[in-house]
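Reviewing the structure listed below.
The values are calculated or read from the model by the stated rules, or taken from the named source; none is laboratory data. In this text the structure is predicted, and so the values were computed from the model without any measurement. Counting neighbours? That spans all protein chains shown, and the Cβs are built from the backbone with ideal geometry, glycine included. We work out accessible area using only protein heavy atoms, side chains counted, and drop any ligands, DNA or RNA first. Shrake-Rupley method; radii C 1.70, N 1.55, O 1.52, S 1.80 Å.
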Amino acid sequence: METWCQPPVPSVPGDGRVLTLYDTASAELRATSPEATARLYVCGITPYDATHLGHAATYVAFDLVQRVWMDAGHSIHYVQNVTDVDDPLLERAVATGQDWSDLARAETALFRDDMTALGVLPPREYVGAVESIPLVVDRIDELLASGAAYRVDKDIYFSTAEDADFGFVSSYDREKMLALFAERGGDPAREGKRDALDPLLWQAERRGEPAWDTHFGHGRPGWHIECTAIALHHLGNGFDVQGGGSDLIFPHHEMGTSQAHLLTGDRPFARHFVHAGMVGLNGQKMSKSKGNLVFVSRLRDDGHEPMAIRLALLAHHYRSDWEWTDGDLTQGEDRLHRWTFAATADRGPASGPVIEAVRAALAHDLDAPTALAVIDAWAERVASGAGEDREAPRQMAEAANGLLGVVLRDD
Ligand code: 5CA
Ligand code: ZN
């Protein structure tokens with residue numbers, strides 16, 4: 001699939017730092033240790049209603065991961081999928097009378113525009129589920145051959161019992177797993193499964209739904225195997241970070257990891273499993289199925305600056321759950337104005353220590369709120385007339401862009 005535009009990332013004076021991130025699987029903060037090229041997989045959208053602020057917050061978080069790595073001299077191999085065929089997308093298309101593939105195409109295009117506006121770095125490979133069907137079919141063949149997959153009527157399921165380490169990512173107890181599996185696309189009550197938690201790998205054609213011809217018969221891939229197959233193909237096993245929102249811890253990242261363990265005989269699938277908190281609105285998680293959404297494109301159409309939206313998102317730590325209110329946007333706009341004023345001043349206090357403090361905050365589990373507070377304090381000193389450094393405003397503008405992806409313009 002076509003990806004989106006790469007924004008320029010200015011290099012920032014001084015030395016980058018080692019990025020420490022909270023890993024869900026080990027439940028601890030650990031240093032990332034990428035090789036020269038860091039490998040990142042972030043789960044992409046299911047394109048039926050893009051892009052709400054919860055999505056945007058999650059993708060901005062993983063954008064920061066890349067900026068910290070780039071600042072430390074790494075190049076990045078970043079892969080993201082698009083779940084361009086799945087139950088919720090097909091249900092929406094039926095409800096609105098659209099062709100499912102037109103809906104997916106239009107929402108994916110909107111997502112690209114939103115990501116571009118927000119200055120989010122694009123993946124090197126942006127990969128659709130539909131175009132990945134041959135990869136998925138090969139992986140299902142391997143799982144069938146090793147006994148880790150089995151048929152129920154014409155469907156094919158993954159056998160979670162084959163993985164002695166099942167539960168590696170979430171460490172949830174069985175009761176919690178069963179509840180989340182039912183809530184998030186699973187079918188615990190399906191008769192004939194070996195275990196209620198076993199997820200679909202391949203779903204035989206249902207009337208009126210798209211299906212592809214394979215030697216298993218006519219059908220379409222299940223959700224989890226899509227990301228497993230795409231990540232293994234493009235990044236290989238043992239890549240640095242698998243990311244997504246915390247609603248993907250179980251079942252999605254658990255199942256994907258189990259599948260990869262059995263496919264490769266090796267572990268771990270990812271060295272860090274990193275999850276962003278859920279953004280809510282009016283007391284509930286912002287979600288397409290609940291319909292309580294604030295869209296990035298809507299805010300942009302209403303004339304709000306994308307960089308103010310980005311600042312509004314960065315003001316919350318990526319791991320916390322939080323509620324969007326109009327005040328978030330007002331605060332982002334206010335901050336954008338204060339920073340732009342300071343970054344275009346003709347002098348100010350030295351930038352070096354400020355940049356080091358921003359770096360330190362981001363390297364410590366992406367503490368963007370602290371990074372913003374540090375720049376706020378510098379901007380306040382500029383506004384009060386402090387400092388004689390003629391280079392500092394330009395250097396701070398480049399650091400805000402390079403490290404935080406916040407572009408400050410003087411027009
Ligand atoms: N296509 C799958 C992943 S393979 C999917 O979950 N798509 S999605 O469109 O539902 O979500 C896209 C990304 O946004 C996921 O990482 C998801 O965890 C994240 N996300 C969804 N809702 C929110 C929310 N309210 N707050 C924060 N992140 C969210
Ligand atoms: Zn995924």
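General remarks:
- Amide H partners (placed H, <5 Å) of residue 46, local residues excluded: 83
- Phi to ³J(HN,Hα) by Karplus 6.51 cos²θ - 1.76 cosθ + 1.60 over segment 57-71, Hz, x for Gly, Pro: 4, 5, 6, 5, 4, 6, 5, 5, 3, 5, 5, 5, 5, 5, 4
- In this rough spin-label picture, where each label sits 7 Å from Cα along the Cβ direction, the residue 11-residue 27 distance is 4.2 nm.
- Backbone HN-Hα couplings from phi across segment 277-287 [Karplus 6.51/-1.76/1.60, Hz, Gly and Pro as x]: x, 8, 8, x, 9, 6, x, 9, 3, 5, 8
- Per residue accessible area in Å² of the chain, where ligands, DNA and RNA are left out and the probe is 1.4 Å: 40
- A Gaussian network model of the chain, with springs between Cα atoms under 10 Å, assigns the largest mean-square fluctuation among 14, 167, 280 to 14.
- Most mobile of 254, 107, 391 in a GNM of the chain (Cα contacts under 10 Å): 391
- In percent, rounded to a whole number, the relative contact order of the chain is 21, using alpha-carbon pairs under 8 Å and six or more apart.
- Potential extension, residue 322-residue 105 segment - 0.36 nm per residue separation minus Cα distance: 75.1 nm
- Among 392, 204, 164: highest mean-square fluctuation, GNM of the chain, C-alpha pairs under 10 Å: 164
- Derived scalar couplings between HN and Hα for segment 366-372 equal 6, 7, 5, x, 5, 4, 5 Hz in order, rounded to whole Hz, by the Karplus curve 6.51 cos²θ - 1.76 cosθ + 1.60 (θ = phi - 60°), x for Gly and Pro.
- Rounded D (µm²/s) - segment 20-285, Kirkwood Rh over Cα pairs, Stokes-Einstein at 25 °C, 0.890 mPa s: 130
- Surface composition of segment 102-170: carbon and sulfur make up 49 percent of the accessible area, probe 1.4 Å.
- Among the protein heavy atoms of segment 185-312, carbon and sulfur supply 44% of the accessible surface, probe 1.4 Å, non-protein parts ignored.
- Part-to-part distance (alpha-carbon centres) for segment 38-77 and segment 347-371, which is given in Å: 20
- Per residue of the chain, the DSSP helices (runs of n ≥ 4 H) give a summed -39500 (n - 2.57) that works out to -13000 deg cm²/dmol at 222 nm.
- Whether segment 301-346 is rounded, prolate or oblate, judged on the alpha carbon gyration tensor where a/c under 1.5 counts as rounded: oblate
- Theoretical FRET efficiency, 1/(1+(r/R0)^6), r = Cβ-Cβ of residue 36 and residue 191, R0 45 Å, to 0.05: 0.35
- Label-point separation, residue 338 to residue 218 (7 Å along Cα→Cβ), nm: 6.2
- A crude spin-label estimate for the pair residue 282 and residue 315, with each label 7 Å from Cα along the Cβ direction, gives 2.2 nm.
- Scanning residues 5 or more positions from residue 286 or on other chains, those with amide H under 5 Å from its amide H are 279, 280, 281, with H placed 1.01 Å from N in the peptide plane.
- Members of 154/193; 154/290; 176/290 lying beyond 24 Å, as alpha-carbon distances in this model show: 154/290
- At full extension, residue 409 and residue 211 could sit 66.4 nm farther apart than now, given 0.36 nm per residue minus the alpha carbon distance.
- Long-range amide H partners of residue 239 with built H, under 5 Å: 271
- Measuring nothing but alpha carbons in segment 304-404 and taking Rh as the Kirkwood radius, the Rg to Rh ratio lands at 0.97.
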